[in-house]
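The values are calculated or read from the model by the stated rules, or taken from the named source; none is laboratory data. Values in this document were obtained by computation on a predicted structure and should not be read as measured data. When we count neighbours, we look across all protein chains shown, and the Cβ atoms used for this are built from the backbone with ideal geometry, even at glycine. The protein model used for the area step is the full one, side chains on, heavy atoms only, and it has no ligands, DNA or RNA in it. Shrake-Rupley method; radii C 1.70, N 1.55, O 1.52, S 1.80 Å.
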Amino acid sequence: MKKYTILLLILIFSISASAQKENKSKETKTETKGTTVLISKNSTPMELAKAALQAHGGDKFKAMKSLIVRGTADISGSPTQVIPATFAMILAGEKYRLEITNPFQPFKQVYDGEQTYSSIPNFTLPPLNRLGLPLLPKIEEKDYVVAALPDKSKKIGFRITSPEGYYTDFFLDEKTGQVKGYESKYTYGERNITTAVEIDKFRNVEGILIPEKYAQRFELGQLTMYSDFKAKEILVNSEIADDVFTMK
């Protein structure tokens, strides 16, 4: 069961979606709500967050009613061992559904807006909409905190913390304002967990940039694992029946 739990944790932290060379003379202009924002090491965290939101679709991203992503994942703990898996993620407002299929332990987790359901008794994972890019449209909402990166990194970026205390550090591409990577640290049970994602490719779906191909590093104590994800299908603003968010 321990091995299966680790596998599921890797998948959930990755599904939720690179270091840049420092150049102090470079700035990138990104239109944000009609205001020009200069992206640089001197930009405030909120300026950077607004620039990133605009680069990923701006108002279209904020107004997105639903998102469906289906694809494949290859997970490895060594160069010779690769675990194949498929995933499906469905988001609609605060509701979500996650399905993971793999040779060891298939898994489903659903949140219907009030309660979380898991296919494995006494086992739930952090909320899908509190990790990674789903945080971007919430930067100006109450109880979502935008702050500077905690360390004095040479990367241009910012941190978003959800009302529940989950946080993600975002790193931006200086030229485009797009999120090129992000990192999160959590406490799950008594374990400290770190996950870092590098996005290799986006897909523009109805004016919104969604990660299509990305790699992830997952650290859990003395264990480090890697995964490569590829989205096969990405749908935005599709009609989703309410019964999708029930355990069936």
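With respect to the conditions (1) open to solvent by less than 10 Å² (accessible area, probe 1.4 Å); (2) aromatic (Phe, Trp, Tyr); (3) in a helix (DSSP H, G or I), residue 61 falls short on a single one, namely (1).
Considering 207, 165, which residue is over 17 Å from residue 135 (Cβ atoms) and surrounded by fewer than 14 Cβ atoms within 10 Å (Cβ to Cβ)?
Numbers: 165 fails: over 17 Å from residue 135 (Cβ atoms).
The conditions single out 207.
In this structure, is residue 164 closer than 27 Å to residue 75 by Cβ and part of a loop (DSSP other than H, G, I, E, B)?
Numbers: closer than 27 Å to residue 75 by Cβ: yes; part of a loop (DSSP other than H, G, I, E, B): yes.
In short, yes.
In the condition set (1) surrounded by fewer than 16 Cβ atoms within 10 Å (Cβ to Cβ); (2) under 21 Å from residue 91 (Cα atoms), residue 237 is compliant with all but (1).
Taking residue 96 as the residue in question, decide whether it is at pLDDT 90 or above, among the hydroxyl-bearing types (Ser, Thr, Tyr) and either within 21 Å of residue 230 (Cα to Cα) or assigned to a strand (DSSP E or B) (or both). It would help to see each step written out before you state the result.
Values: at pLDDT 90 or above: yes; among the hydroxyl-bearing types (Ser, Thr, Tyr): yes; either within 21 Å of residue 230 (Cα to Cα) or assigned to a strand (DSSP E or B) (or both): yes.
When the stated conditions are applied, residue 96 passes them.
Of the residues making up region 154-172, those that are modelled with pLDDT under 90 and more than 13 Å from the chain's Cα centre (by Cα) are 154, 155, 164, 165. For region 128-145, name all the residues that are open to solvent by 30 Å² or more (accessible area, probe 1.4 Å) and within 14 Å of residue 46 (Cβ to Cβ). If the condition is that a residue be open to solvent by 30 Å² or more (accessible area, probe 1.4 Å) and within 14 Å of residue 46 (Cβ to Cβ), then 140, 141, 145 are the ones that fit. Contact map, region 147-166: first residue among the aromatic types (Phe, Trp, Tyr), second residue open to solvent by 50 Å² or more (accessible area, probe 1.4 Å) and assigned to a loop (DSSP other than H, G, I, E, B), Cβ cut-off under 7 Å, separation 6 or more or different chains; pairs are 158/148.
Of the residues in region 74-91, none is in a strand (DSSP E or B), among the aromatic types (Phe, Trp, Tyr) and open to solvent by 20 Å² or more (accessible area, probe 1.4 Å). Restricting 116, 176 to residues that are in contact with a strand residue (DSSP E or B) (Cβ under 8 Å, 6 or more places away or on another chain), farther than 25 Å from residue 93 by Cβ and not aliphatic (A, V, I, L, M) narrows the list to 176. The combined condition, being open to solvent by less than 50 Å² (accessible area, probe 1.4 Å) and part of a loop (DSSP other than H, G, I, E, B), is fulfilled by residue 177.
For region 176-229, the set of residues classified as modelled with pLDDT of 90 or more and more than 25 Å from residue 156 (Cβ to Cβ) consists of 205, 206, listed by residue number. Checking region 137-153 against the condition returns a match, with at least one residue being closer than 20 Å to residue 96 by Cα, of a type in the set (Lys, Arg) and either under 13 Å from the mean Cα position of the chain (by Cα) or not in a loop (DSSP other than H, G, I, E, B) (or both).
Residues of region 210-229 that are open to solvent by 90 Å² or more (accessible area, probe 1.4 Å) and farther than 18 Å from residue 83 by Cα: 222 alone. Tell me yes or no: at least one residue of region 241-248 is closer than 19 Å to residue 82 by Cα, open to solvent by less than 20 Å² (accessible area, probe 1.4 Å) and hydrophobic (A, V, I, L, M, F, W, C). No - not one qualifying residue is present in region 241-248. Of everything in region 92-109 that's among the hydrophobic types (A, V, I, L, M, F, W, C) and open to solvent by less than 20 Å² (accessible area, probe 1.4 Å), which residue is nearest to the chain's Cα centre (by Cα)? Here the answer is 98.
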